[in-house]
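What follows is a single structure, written as structure tokens, with notes after it.
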Amino acid sequence: MKNNWTNHLHGYVRVRIDGDYPERFLNRCIEEEISIWQIKKIGDNRIVCYMNVEDAKRIRPLLRMTNCKVSFIQRNGVPFLIRRMIVRSGFIAGLASFLVIMFILSNMVWGVEIKGASPQVEHELRQVVTEMGIKRGAFQFSLPSVELIQRDVTELVQGATWVGVRQKGTTFEFEVVEQQLPEEAERYSPRHLVATKKAIIHKIFVEHGQAIVKPNDFVQKGDLLVSGYIGKKDAEDEEKELVPAQAVVLGEIWYQSTVSASLDTLFTTLTGEKKSKHYISLSGFDIPIWGFGSIPFEESAESLHERPFRLFNWSLPITYKRNDYLETKRHERSYTKEEAVRAARERARVELINDLPHDAEIIGEKVLHEAVENGKVNLRIHYQVIEDITSEQPIIQGD
């Protein structure tokens, strides 16, 4: 009989049979359908073979009939392995406890290092990461991914231009690049100031140079606003003094915006209700461990959170996964014509402000065209904006 996996599962023994005619014992075993295999004869009165544990319990009558003696010289299989483990339970329990403790400790955060930050920015960054749960003793699989941490801390830390995040074993390392506002360099090169856009001059404040235009003048793009030559108007350019022109010239610019707004809109909002499902993933096979049952929401948005388990500095092929299902609801909103016009004008104004310089000011707004077509309100809006229209133009002597 072959020694297959069922023999290992139920257990088998190696026996030594001693007697005058041990072959008679083998014949009796065959008659009683007792499985024996790998039979070897050692001398005239000794045979060694293997048999199942259950069959070994049935050979006592056969031994008396054949006047043979049996000795069990080897025990194999799962039952004997379990028995040996029970005998050595203290050692096994200690080894298992050690591995469990090391596994838990390897998946916790034991250090947060910050490099390249001033004391003020470091204090601010530590407060931010602590609020996110990144602190000593926190479990790594409960934290966001490194990419999300980097995105959030870069946005939340005001004094940092960029924050790099790296997980090195049980330590999170943050590398900070702080904002450095360059000092305004003194301008020594002679220059003119010219117009960047077509505009009507609103106000002009000259620090250095000679103004060429005055309020209410109309200028085209490239027209000279402030000259770098100062001196008498009748004097030649060679007799005038060259200076780097400095001035603020505010011009009135005209913009047109075309925008539309639907009278009926459909939008989706989160209700705040959430259901989470937790899994342990083994080589891509997900085993649910918590959050069983179906999703109790008619509509939901799904968010996946995934973190690998670690042992020392190695990533194990075991991953913790959490699926968050956020309940959503659709709402239909109907606008009157006046409400749609107001919403369209607000959106157009916000889009224009995003495209303007930060110091620009909108002083006028007028709807040039208004029409309702195919369930939408279409508007064409005219804006009057005050902004700085100066641009530098170097003066090359000898031109």
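A few notes on this one:
- When each of 49, 68 is scored by the number of other beta-carbon atoms lying within 10 Å, the sequence from fewest to most is 49, 68.
- Near residue 318, the amide H atoms lying under 5 Å from its own belong to 309; only residues 5 or more places off or on other chains count, and H is placed 1.01 Å from N.
- Total formal charge among the other residues, if their Cβ is under 13 angstrom from that of residue 328, Lys/Arg +1 and Asp/Glu -1: -2
- With a cut-off of 17 Å on the backbone N, the residues of the stretch 251-268 near the modelled label site 7 Å out from residue 372 along Cα-Cβ are 260-265.
- Pairwise Cα separations in the stretch 5-82 fall into 5 Å bins from 0 onward with the following percentages, short to long: 3, 17, 28, 27, 15, 8, 3, 0.
- Cα lying deepest toward the dipole's positive end in the chain, options 300, 268, 353, charges on Cβ: 300
- For the stretch 234-299, applying the loop criterion from DSSP together with a ceiling of 13 other beta carbons within 10 Å to the GluC sites (Glu not before Pro) yields 236, 298, 299.
- Other-chain or far-sequence residues with amide H under 5 Å of residue 245's (modelled H): 191
- In a simple Cβ point-charge model (Lys, Arg +1; Asp, Glu -1; nothing else charged), the stretch 265-333 has a dipole of about 240 debye relative to its Cα centre.
- Contact order for the stretch 67-205, expressed relative to its length and based on alpha carbon pairs under 8 Å spaced 6+ residues apart, stands at 23 percent.
- Cβ-Cβ distance of residue 101 and residue 316, R₀ of 25 Å, FRET efficiency by 1/(1 + (r/R0)^6): the value works out to about 0.95.
- Averaging the sequence gap over all C-alpha pairs within less than 8 Å and six or more residues apart, then dividing by the number of residues, gives the chain a relative contact order of 13 percent.
- Here the dipole of the chain is about 4460 debye; that uses its Cα centre as origin and unit charges on the Cβ of Lys and Arg (positive) and Asp and Glu (negative).
- Burial ordering of 10, 369, fewest other beta-carbon atoms within 10 Å first: 369, 10
- Relative contact order of the stretch 257-395, defined on C-alpha pairs under 8 angstrom at six or more residues apart (%): 31
- Since only 67, 148, 96 are under comparison, the one whose Cα sits farthest along the positive direction of the charge dipole of the stretch 66-148, derived from C-beta charges on Lys, Arg, Asp and Glu, is 67.
- Shown in residue order for the stretch 282-289 are the 3J(HN,Hα) couplings computed by the Karplus curve 6.51 cos²θ - 1.76 cosθ + 1.60 at θ = phi - 60°: 10, 6, x, 9, 8, 10, x, 10 Hz (x for Gly and Pro).
- Positive-end residue of 213, 230, 200, charge dipole of the stretch 191-247 with Cβ unit charges: 200
- Within the chain, longest stretch free of exposed trypsin sites (Lys or Arg not before Pro) [DSSP loop, at most 16 other beta carbons within 10 Å]: 241-399
- Relative exposure of 219, 341, judged by other C-beta atoms within 10 Å (fewest first): 341, 219
- Here the chain is treated as a Stokes sphere of Kirkwood radius computed over C-alpha pairs; at 20 °C and 1.002 mPa s its diffusion coefficient rounds to 67 µm²/s.
- Computed about the Cα centre, the dipole magnitude for the stretch 111-178 is approximately 260 debye when only Lys and Arg (+1) and Asp and Glu (-1) carry charge, each at its Cβ.
- Summing Lys and Arg as +1 and Asp and Glu as -1 over all other residues whose Cβ lies under 12 Å from the Cβ of residue 30 gives a net charge of -3.
Computed from the coordinates by the stated procedures, all read-outs in this text should not be read as laboratory data. None of the values given here were measured: they were computed from a predicted structure. Here Cβ is always computed from backbone atoms with ideal geometry, including for glycine, and neighbour counts include all displayed protein chains.
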